[in-house]
Each structure stands twice: as C-alpha cells, then as structure tokens.
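Remarks on the structure that follows.
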Amino acid sequence: MSSTLTLAPRLDSPAADALARELAEARGAAIRLDAGAVTFCGALTLQLLLSARRQWQADGHPFEMDAPSQDMTDACRLLGVSPEDIGILHETGEPQ
C-alpha cells in the first residue's frame, strides 16, 4: 500500500520534527511526497529527507517526490544535494 504525504510550505527546523514523526508512521510501505507547495526547505529538513529516502531504499520500498516546487529544487542545489537523492524523479516543467 502506498501513501501520499503533502509537505508543508515552510520546511524549517520546527517542521522537521513533525515531518520526522509522519515519516516514521509511514515507514514500511511505498510513499509519495507532494512538494508542490514548498516555499522554503532548510538544511535539517533536507538531511531528514535524504536519510528517509535511503531508509526506504534499504527497506525495498519506493520513496518519490512529486511535482516539487522550484523553491524545493533550488534548495537542493543550493545545499549541494542532487534532487534525485531525495526522490525527485521529474522536476517541475520537465516531461514525465
């Protein structure tokens, strides 16, 4: 069973705690993250997403991020993270 989790617009340190709890509850199955409304993603949340993606891969379950906002992909690049590393398969505006 797959679940979809909509990310908060502001993914700062306080949001990372809530996201960590939501991800822990979703562990054990495929997950899809909706990042279309993200306007800010801080380093702590990005690190959490990197770790979660690796955990899902180790568990053998898909971890994908749908339709990320430009701010989300910009945050990845600014912090030196490949969008693919957090499950972004298709960036906004790219053909799927």
(request) Kindly indicate the residue of region 37-58 that is among the aliphatic types (A, V, I, L, M) and assigned to a helix (DSSP H, G or I) and also surrounded by the fewest Cβ atoms within 10 Å (Cβ to Cβ) among those meeting that condition. (result) A58
(message) Based on this model, can you work out whether T39 counts as among the polar types (S, T, N, Q), touching a residue at least 12 places away in the same chain (Cβ under 8 Å) and under 15 Å from G87 (Cα atoms)?
(response) no
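Can you tell me which residue among A15, A20, A8 is assigned to a loop (DSSP other than H, G, I, E, B) and touching a helix residue (DSSP H, G or I) at 6+ places or on another chain (Cβ under 7 Å)? Even if it seems obvious, please write down each step before you answer.
Numbers: A15 fails: assigned to a loop (DSSP other than H, G, I, E, B); A20 fails: assigned to a loop (DSSP other than H, G, I, E, B).
Going through A15, A20, A8 in turn, the sole match is A8.
Across region 52-80, what is the total count of residues that are among the aromatic types (F, W, Y) and touching a His at 6+ places or on another chain (Cβ under 9 Å)? Walk me through how you get there before you give the answer.
If we filter region 52-80 for residues that are among the aromatic types (F, W, Y), which is where we start, we get 56, 63.
Those left that are additionally touching a His at 6+ places or on another chain (Cβ under 9 Å): none.
Counting residues in region 52-80 that are among the aromatic types (F, W, Y) and touching a His at 6+ places or on another chain (Cβ under 9 Å) gives 0.
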(request) Name every residue in region 23-36 that is assigned to a helix (DSSP H, G or I) and surrounded by 12 or more Cβ atoms within 10 Å (Cβ to Cβ), in order of residue number. (result) L23, A26
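Return the residues of region 1-17 that are over 14 Å from G42 (Cα atoms) and among the aliphatic types (A, V, I, L, M); say none if nothing qualifies. Break it down stepwise before answering.
If we filter region 1-17 for residues that are over 14 Å from G42 (Cα atoms), which is where we start, we get 1-6.
Matches in region 1-17: M1, L5.
All of the numbers you see were taken from the coordinates with simple rules; none came from a lab. Keep in mind it's a predicted model, so treat the numbers as computed, not measured. Every residue, glycine among them, receives a Cβ derived from its backbone with ideal geometry; neighbour counts consider all protein chains shown.
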